[in-house]
Amino acid sequence: MNVILAIESSCDDTSSAVIVDGTLRSNVIASQKVHEEYGGVVPELASRAHQQNILPVVDTALKRAGVTKEQISAIAFTRGPGLLGSLLVGTSFAKGLALALGVPLIDVNHLQGHVLAHFVEPSAELIAQTPSLQGVPIRHPSFPFLCLLVSGGNSQIVLVKAYNNMEIIGQTIDDAAGEAFDKCAKVLGLPYPGGPWIDKLAKLGDPAKYPFAKPNIPAYDYSFSGLKTSFLYTLRDLLKEYGVETIDELAEKIPNLREDMCASLQATVVDILMRKLKKAASDLKINQVAVAGGVSANSALRQAFVDYGKKYRWSVFIPPFSFTTDNAAMVCQAGYFKYLDRDFCAIDEVPFAKTQI
């Protein structure tokens, strides 16, 4: 029996998962609410919360999987990229447990993990315990495929030739799509994280109300800094036009202001993302297309994948909500692939904050 324990601690979610002989049996996530009042993740607070959460999270993951620590075959952990303080907590715990149990370590690239979330095979028991997995067909892309990886820190088009052979063919040259959502949401006075609030309010607004700027970047690369500037300038001009100083005052004068701004912003971001992805799929003649990362939970982006799939005859792969945000299931899957190849890492490997796939 091959038992892989995984630990994910790249940002503000502490997560642990267990795969037994290729089947995911548990995926436990402890989120940190402390950052909401600061409008963003505070690295020092994140690392301290990881120290409090990691032991109970790992213990719960093992119990839900029905295995003991003595049955663990290898331990996979997120080595990077991410917040160094947070990564150090997960890395140190993984190393200590591996040494105590005498089992090998497997380092996982966080971004590759997001892509490989499409190969997670949850057990029937886990599906029964997880509402977001129920009624969702379990389908896996075949190689090669394109993956749009979108999150708060990354916006990339990845050509996936094998689980261990990925090439970034397009990426943002400045800000990420998720960052644009969060920053614009903050300007509107919405809570953190802003992405889900943008999605929620956009459903009540007019996506054509405000025509924001769409950058013209060569090849398959993205840019979202100009969009953020266009968003800010639109608000600035409206404040001036109506002679008010705050967003709340402006919202009193313009019905549905926040809803229309969110809908227009979301429609613009999705259009920018999908146009480049369509170009890549057409140029490379690939019809296996997937989406991954935190922003893949956005309802408009998910619907765009469905629509583009029908229009251009793509085989579309959209992850269950459980596997969109940072989670250990994706780390465990990547670790399981590496375990089968006996691709282990040395005990003295250190985490890294930034890297590419």
Which one is farthest from the chain's Cα centre (by Cα), of the residues in the range 133-159 that are of a type in the set (S, T, N, Q) and open to solvent by less than 40 Å² (accessible area, probe 1.4 Å)? 156
Could we say that residue 107 is more than 28 Å from residue 288 (Cβ to Cβ) and either assigned to a loop (DSSP other than H, G, I, E, B) or open to solvent by 20 Å² or more (accessible area, probe 1.4 Å) (or both) here? no
Go through the range 215-244 and report how many residues are over 13 Å from residue 268 (Cβ atoms) and out of contact with any Leu (no Cβ under 7 Å at 6 or more places or on another chain). 15
Go through the range 322-357 and report how many residues are out of contact with any helix residue (DSSP H, G or I) (no Cβ under 8 Å at 6 or more places or on another chain) and assigned to a helix (DSSP H, G or I). 6
I'm trying to understand the selection: among the residues of the range 226-245, which are closer than 21 Å to residue 155 by Cα and crowded, with 16+ Cβ neighbours inside 10 Å? 226, 227, 228, 230, 231
Out of all the residues in the range 158-173, is one or more part of a loop (DSSP other than H, G, I, E, B) and among the small types (Gly, Ala, Ser)? no
Candidates 253, 240, 214, filtered to the one that is at pLDDT below 95 and of a type in the set (Lys, Arg): 214
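Filter the range 299-322 down to residues that are in contact with a Ser or Thr (Cβ under 9 Å, 6 or more places away or on another chain) and closer than 21 Å to residue 178 by Cα and give me whichever is most open to solvent (accessible area, probe 1.4 Å).
Among those that are in contact with a Ser or Thr (Cβ under 9 Å, 6 or more places away or on another chain) and closer than 21 Å to residue 178 by Cα, it is 321.
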The number of residues in the range 88-104 that are hydrophobic (A, V, I, L, M, F, W, C), in contact with a helix residue (DSSP H, G or I) (Cβ under 9 Å, 6 or more places away or on another chain) and in a helix (DSSP H, G or I) is 6
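So, of the residues in the range 190-214 that are of a type outside the set (D, E, K, R), free of Cβ contacts under 8 Å to residues at least 60 places away in the same chain and open to solvent by 50 Å² or more (accessible area, probe 1.4 Å), which turns out to be farthest from residue 157 (Cα to Cα)?
204
The values are calculated or read from the model by the stated rules, or taken from the named source; none is laboratory data. Being a predicted model, the structure only gives us computed values, none of them experimental. We place every Cβ from the backbone using ideal geometry, glycine too, and count neighbours over all the protein chains shown. The area values use the complete protein model at the heavy-atom level, side chains included, leaving out ligands, DNA and RNA. Shrake-Rupley method; radii C 1.70, N 1.55, O 1.52, S 1.80 Å.
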